[in-house]
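Working notes, structure below.
The values are calculated or read from the model by the stated rules, or taken from the named source; none is laboratory data. None of the values given here were measured: they were computed from a predicted structure. Every residue, glycine among them, receives a Cβ derived from its backbone with ideal geometry; neighbour counts consider all protein chains shown.
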Amino acid sequence: MSYFMKNQKGFIQIPLLIAIIAGVLLLGGVGYLGVRWYQNYQTEKVEKEKQARGQVEAQQKALELAQTEIEKLKQESETTKQKQDTLEGTIKSGAQKPHDISISAAELDLYLSGVVRISCSGGAGSGSLWSISGQGYRVLTNQHVIEDENGTCRLDVTRTNNNSYGSYDVALYQKYSWNNSTDATLLDIQINNQLNDAIVSMTSSANESTPVNGLNYKISDLRKCPSTMPLGSPVAIIGYPAFAQRIDYYEGKRVASYFRTVTNGIISAHDRSLGILQAGLPAPNYLVSNKIDSGNSGGMALSKERGGLCVLGIPTWLTIGNYETQGLIQNIHNIMYEN
């Protein structure tokens, strides 16, 4: 008994040792688990922060994309508004077009005295004065106005704003035309100082005629209208129609007075009849609503577009309907077409 107790005093008791070892192991395990937990915690924290940064960046990109789309939509809206404003302006200007392109008296005044009366033994008509480079001073008229004459016809210019007036001969043996498919001819002008009664009655002094080069040739400076003018375009016809002449008697003498006349209308239709196609002419002729009569043949028809006044062509004949008539204008592009 005493020996056993002695041995107990020299060594640590086994249960206590086991308890100590178990405690050490427990503490070690807890420490290891704590370290692992902390490491996992830190990893998860970093991952969450990374995810949070990713979400922030994604939101920022989405915001920037949305802002870009908003700016794009604003620009498209502004462009659409500009197009709408342009369209509205075009519609408004189109609605005002008939007023914008009407022919004024002031515009016509420059060219009125360039239209003259041509009288022949077989009848009378009108003509327009042209100064063509290399061809001198000429009058343009319809061939049918002078076709029955063998000698000369007379060209009468009544008093004008520039005080030019007189009587002139047109030499029928000196005539020119651009083609044989249109009713048009150019004639040389020769002065004739024997003023007729109509000229005398319209001048303050019956002296000699104005020199040929002093007449009004401004029509030849006008540009030609486009080859096909739109329907509804304005038309002014200048000439000496039969309805604008007057017969008087003075001191037992018969005096005939002829008045240069302007009638207004529009282009009613394009004439693309078989005759034009067979002749190979490049443009349609025009039917117009203007008041027109015999005597207008060979005169001048002017029109107007946004570029200003232009030469439309020559009044040539009438088409007779059941209740209405329409004047026919030979297109200047057909008249001057060289084939």
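Points to keep in mind about this one:
- The set of residues in region 245-286 being under 18 Å from Gly313 (Cα atoms) and of a type in the set (Lys, Arg) consists of Arg260, Arg272.
- Looking only at residues of region 185-221 that are more than 13 Å from Tyr137 (Cβ to Cβ) and assigned to a strand (DSSP E or B), we find that the one that is modelled with the highest pLDDT is Thr185.
- Options Ser102, Ser113, Ser131: the member that is part of a strand (DSSP E or B), modelled with pLDDT of 80 or more and among the hydroxyl-bearing types (Ser, Thr, Tyr): Ser131
- Tally, over region 227-253, of residues that are in contact with a helix residue (DSSP H, G or I) (Cβ under 8 Å, 6 or more places away or on another chain) and farther than 21 Å from Ile292 by Cβ: 2
- Subset of region 244-299 (residues that are of a type in the set (D, E, K, R) and more than 18 Å from Gly127 (Cβ to Cβ)): Arg246, Asp248, Glu251, Lys253, Arg254, Asp271, Arg272, Lys291
- Lone unmet requirement of (1) touching a helix residue (DSSP H, G or I) at 6+ places or on another chain (Cβ under 9 Å); (2) at pLDDT below 90; (3) of a type in the set (Lys, Arg); (4) crowded, with 17+ Cβ neighbours inside 10 Å for Arg154: (1)
- Residue match in region 257-265 (condition: within 24 Å of Val157 (Cα to Cα), within 29 Å of the chain's Cα centre (by Cα) and in a loop (DSSP other than H, G, I, E, B)): no
- Any pair with Cβ under 9 angstrom, 6 or more apart, that starts in region 102-125 at a residue that is at positive phi and ends at one that is surrounded by fewer than 19 Cβ atoms within 10 Å (Cβ to Cβ) and among the acidic types (Asp, Glu): Gly123/Asp148
- Screening Leu87 on (1) farther than 30 Å from Val235 by Cα; (2) at pLDDT below 80 shows it passes everything except condition (1).
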